[in-house]
Amino acid sequence: MIPGAGLRWLEALGPQTIRPGLARTRALLSALGRPQDSFRTLLVAGTNGKGSTAATAAAVLEAAGLRVGLTTSPHLVRVNERVRLPGGRDVSDAVLDATLSLVAAVSGEGPLRPTYFETLVVAACELFRRAGVEVAVVEVGIGGRLDATNVLEPEVSVVTNVDADHLETLGPTLADVAREKAGVFRPGHLALTTERGGMLGVLHAEAARVGADLVEVTPSAAWDDVSPLAGAHQRANVALGVAAARALVPADDATVRRGVAATRWPGRLQTVPRPGARPLLVDGAHNPAGAAAVAAYLDEVGLAGRVGLVFGALGDKAVEGMFAPLAARARQVVLVAPDSPRAIRPDALAARLGRDDLPRAASLAEALALLAGGEEDAPILVAGSLVLAGEALALAGCRDA
């Protein structure tokens, strides 16, 4: 294939396509000679905090001297963010394109044609093999049991928590969601969670059923002074990432501190300065639990009642539960649609929220302009969608999230 063809082939698959199942991913990995057998795996599932937990674990493992690969989703600005190679560097355009071309060459059509996500899982495994990765930290996409990442054989599995998201695929009940996420547990292997709600019993029951050793991890403030991740809710994610890393390799407190301090996970309560303009506070906040965590942070740092809010969401999300805690803490609100075919348009969003009084913008740039006259040192919060978070970072000049 000519240069760039691999990336073009990937985009033609359509990022929004979801087809649960493992057969396509297994077939592709087999065709490539099972690259996943060349490294150890830590698999991270859950509703919220998967990425923060995975990024923390990867950074601690790097600090412990291992060659670590990290694959996460979705990306915010560039698809390269989904695959980090040893040293914490995102895969380059040229290397990713060449690997995608290889995946395309072994890919079939019809029922075995992979989805966008499955292709990137396979490409990450091949890239990790070529980079000599010793441990891969892998974030689950949706659910666990039928997610493409579950073809891997983790030594340690994580379920951060269980909340209402993707009920149309994983539900209809929270117990169904919990069982799907517990599908990453493995017989005779360690599983970790910070779930404290009613679904903890379901996770324990599933662990007992498959013969996994489920351990509850307690949120900790021990790393607050070095962690770059904002918000009290991140204490659970950092503690979970540290525990997962330590389950794979001995790491003393000094090593953990270096790793936690080096953790990079953009688009989650990320402050982005803008010379001559109000700073941005960017967070995906794409479900009610995520929005509640952002609201708690605004209360914690004294920004409640001061921020401007640009809110946009995908139409299949629980927008009412996401919007309410954020709007209650905003001085001004503007509605906008993320750049996605699944986005809910501003007029439809206003109607769904019962807020026809709210101003709407045709683009994120227009929304930010409408809020330009607010309190200068109070940020504009951009929230409601990871797609919108990525747009905000790109607009602010962050080429790589």
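Starting from the Cα gyration tensor of region 32-173, take the square roots of the eigenvalues, sort them a ≥ b ≥ c, and report rounded, prolate or oblate (rounded when a/c is under 1.5, otherwise prolate if a/b is larger than b/c, else oblate).
In terms of gyration-tensor shape, oblate.
Choose one of LEU42, SER92, PRO20: the residue whose Cα lies farthest towards the positive end of the charge dipole of region 1-108 (beta-carbon charges +1 Lys, Arg; -1 Asp, Glu; about the Cα centre).
PRO20
Quick check on packing: order 256-263, 209-216, 180-187 by the mean number of other C-beta atoms within 10 Å, highest mean leading.
180-187, 256-263, 209-216
Could you tell me what a quarter of the Cα convex hull surface of region 270-395 works out to, in nm² with one decimal place?
If you wrap the Cα atoms of region 270-395 in a convex hull and average its projections, you get 6.6 nm².
Please list 3J(HN,Hα) in residue order for region 132-139, calculated via the Karplus relation 6.51 cos²θ - 1.76 cosθ + 1.60 where θ = phi - 60°; whole Hz, with x for glycine and proline.
x, 5, 8, 9, 9, 9, 10, 8
Apply the Karplus curve 6.51 cos²θ - 1.76 cosθ + 1.60, θ = phi - 60°, to the phi angles in region 69-77 and return the couplings in whole Hz, x for Gly and Pro.
x, 9, 10, 9, 7, x, 8, 9, 10
With the convex hull built on the Cα atoms of region 199-267, state its orientation-averaged projected area in nm².
Quarter of the Cα hull surface area: 5.8 nm².
Over the chain, what portion of Cα pair distances is larger than 37 Å, expressed as a whole percent?
Roughly 19 percent, rounded to a whole number.
Let me check against my output: what whole-number percent is the relative contact order of region 270-395, with C-alpha pairs under 8 Å and at least 6 apart?
37 percent
Of all DSSP beta bridges in the chain, what percent run antiparallel (nearest 5)?
Here the share of antiparallel DSSP bridges comes out near 20 percent.
Give me the percent relative contact order of region 205-349, please, defined on Cα pairs under 8 angstrom at least 6 residues apart.
Result for region 205-349 is 17 percent.
If amide H atoms are built 1.01 Å from N in the plane of the peptide, which residues on other chains or at least 5 residues away come under 5 Å of the amide H of ALA343?
GLY315
How high is the relative contact order of region 5-261, in percent, with contacts defined as C-alpha pairs under 8 Å that are six or more residues apart?
Value for region 5-261: 27 percent.
Mean-square fluctuation check for the chain, GNM, Cα pairs under 10 Å: which of VAL138, VAL95, VAL301 is largest?
VAL301
Can you list residues whose amide H is under 5 Å from THR160's amide H, if they're 5+ apart or on another chain and H is modeled 1.01 Å from N?
Amide H neighbours of THR160: ALA45, GLY46, THR47.
Quote the convex hull volume per residue of region 143-209, based on C-alpha atoms, as a whole number of Å³.
77 Å³
If you wrap region 1-111's Cα atoms in a convex hull and average its projection over all directions, what's the area in nm²?
7.9 nm²
Over region 264-366, what is the percentage of antiparallel beta bridges among all DSSP beta bridges, to the nearest 5?
45 percent
So which helices of the chain fit the span-like rule, where a helix is a whole DSSP H run, its Cα atoms reach 15 Å or more along the axis, and its mean Kyte-Doolittle is at least -0.5?
For the chain, where a helix must reach 15 Å along its axis and average at least -0.5, the hits are 50-63, 93-106, 116-130, 200-210, 234-248, 288-300.
If you count, for each residue, the other Cβ atoms within 10 Å and average over each peptide, how do 242-249, 386-393 line up from highest to lowest?
Final packing ranking: 386-393, 242-249.
Summing -39500 (n - 2.57) over the DSSP H runs of n ≥ 4 in the chain and dividing by its residue number, what mean residue ellipticity at 222 nm do you reach, to the nearest 500 deg cm²/dmol?
It lands at -11500 deg cm²/dmol.
Using the alpha-carbon centroid of each, what span in Å lies between region 192-247 and region 354-401?
So the two Cα centres are separated by 32 Å.
Coordinate-derived values only; no laboratory data. Just so it is clear, the model here is predicted, and its values are computed rather than measured. Cβ sites come from the backbone with ideal geometry, for glycine too, and all protein chains shown count toward neighbours.
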